[in-house]
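As structure tokens, the structure follows; a few thoughts come after it.
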Ligand SMILES: NC(=O)c1ccc[n+]([C@@H]2O[C@H](COP(=O)([O-])OP(=O)(O)OC[C@H]3O[C@@H](n4cnc5c(N)ncnc54)[C@H](O)[C@@H]3O)[C@@H](O)[C@H]2O)c1
């Protein structure tokens with residue numbers, strides 16, 4: 001199978017490229033490096049079956065040859081990133097999804113959209129199941145991302161209904177692991193890099209808001225199962241193990257063995273109070289559920305960040 005991974009040099013996309021190549025698939029990675037890094041796929045550049053194309057999917061998508069599947073992951077994904085790139089985020093969700101859908105249609109390929117739990121907004125239903133329509137502020141500080149993804153879901157659905165395209169929608173809940181950027185602003189990379197540097201660990205609000213975090217290997221397994229299932233979705237993929245943000249911060253500090261203090265900063269606008277996926281559908285239809293315990297996943301993530309920060313420090317001192 002020849003698979004196009006749009007956004008393939010990002011956190012999730014690069015893990016997906018690794019996994020697909022390991023399974024014997026050919027991979028065409030497309031990225032414009034807006035929020036991702038070439039270094040995430042550097043180790044794949046000489047691998048037979050891997051190709052890297054620098055393209056902005058919001059402008060054009062050109063892939064020669066046959067394509068069996070198109071995975072649309074190209075979008076800023078962290079609140080800091082999409083606040084920094086609001087128009088780019090909306091264009092990625094709208095034009096990027098349109099262009100990658102057109103590629104899938106032209107090639108007769110299956111199309112898989114990486115949507116998000118953010119389509120549920122600040123949810124009034126808990127846990128969130130796929131039938132919930134969401135509670136989203138269309139002009140709020142997260143609207144460029146939430147509405148871009150809601151539009152992308154609608155467009156994907158229209159292509160399925162109007163053109164009979166084989167499409168799939170997954171709604172990804174907070175995922176963490178190696179290759180997140182230290183400066184991407186999401187809670188786990190922020191806590192880990194702060195604690196490793198011995199800086200105060202900054203928790204938003206009183207830290208009683210909850211998140212359910214999924215280790216990247218678990219998520220990638222769910223994505224691959226969805227890709228091969230032929231199902232349309234939408235299907236939630238995430239870890240239903242719910243934790244408060246303050247407990248997550250405490251666990252990170254404990255696992256690092258750091259004496260960094262935990263301090264409190266104002267909560268950003270429209271920050272969801274609760275977040276937990278109902279994964280009944282994924283369990284039933286894909287036989288999937290996360291298996292990596294949060295402590296194990298955090299230890300692997302901490303190890304990776306520790307080596308990243310060491311490399312950064314070496315670069316700074318020129319050692
Ligand atoms: N990580 C999560 O917890 C999570 C949760 C829900 C949904 N998602 C979705 O998964 C996808 C990947 O997220 P991530 O966490 O890996 O983020 P990321 O920022 O690490 O990856 C996104 C990649 O897309 C690229 N990109 C952005 N705009 C582009 C464009 N116009 N053309 C080509 N490439 C472009 C970026 O350079 C980057 O490499 C996103 O669509 C995101 O919305 C992620």
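The values are calculated or read from the model by the stated rules, or taken from the named source; none is laboratory data. These numbers come from a predicted model, not from an experiment. Cβ placement follows ideal geometry from the backbone for every residue including glycine, while neighbour counts extend to all protein chains displayed.
Overview of results
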| quantity | calculated |
| --- | --- |
| Answer residue from region 36-47, given it is under 21 Å from residue 62 (Cα atoms) and either without any contact (Cβ under 8 Å) to a residue 12 or more places away in the chain or within 14 Å of the chain's Cα centre (by Cα) (or both) and is surrounded by the fewest Cβ atoms within 10 Å (Cβ to Cβ) among those | 45 |
| Matching residues, region 32-47, being within 14 Å of the ligand (Cβ to nearest atom), touching a strand residue (DSSP E or B) at 6+ places or on another chain (Cβ under 7 Å) and under 20 Å from residue 2 (Cα atoms) | 41, 44 |
| Filtered residues of region 48-62 (kept if within 13 Å of the ligand (Cβ to nearest atom) and over 19 Å from the mean Cα position of the chain (by Cα)) | 52, 53, 54, 55, 59, 60, 61, 62 |
| Conditions (1) crowded, with 19+ Cβ neighbours inside 10 Å; (2) without any contact (Cβ under 8 Å) to a residue 60 or more places away in the chain: number failed by residue 67 | (2) |
| Hits in region 122-141 - residues which are touching a residue at least 60 places away in the same chain (Cβ under 8 Å) and part of a strand (DSSP E or B) | 128 |
| Condition met for residue 147 (more than 12 Å from the ligand (Cβ to nearest atom), at pLDDT 95 or above and more than 20 Å from residue 95 (Cα to Cα)) | no |
| Residue that is nearest to the ligand (Cβ to nearest atom), among those in region 8-26 that are in contact with a strand residue (DSSP E or B) (Cβ under 6 Å, 6 or more places away or on another chain) and closer than 15 Å to residue 100 by Cβ | 13 |
| Counted residues, region 87-101 - those being under 16 Å from residue 142 (Cβ atoms) and either surrounded by 24 or more Cβ atoms within 10 Å (Cβ to Cβ) or under 17 Å from the mean Cα position of the chain (by Cα) (or both) | 5 |
| Test: residue in region 68-80 that is at pLDDT below 95 and within 8 Å of the ligand (Cβ to nearest atom) | yes |
| Boolean, residue 152 is over 30 Å from residue 310 (Cβ atoms), over 18 Å from the mean Cα position of the chain (by Cα), touching a residue at least 60 places away in the same chain (Cβ under 8 Å) and not in a loop (DSSP other than H, G, I, E, B) | no |
| Tally of residues being surrounded by fewer than 23 Cβ atoms within 10 Å (Cβ to Cβ) and touching a strand residue (DSSP E or B) at 6+ places or on another chain (Cβ under 7 Å) across region 147-166 | 5 |
| Listing of strands (runs of 3 or more DSSP E) fully contained in region 182-286 that carry 1 or more residues being without any contact (Cβ under 8 Å) to a residue 40 or more places away in the chain and surrounded by fewer than 18 Cβ atoms within 10 Å (Cβ to Cβ) | 242-244 |
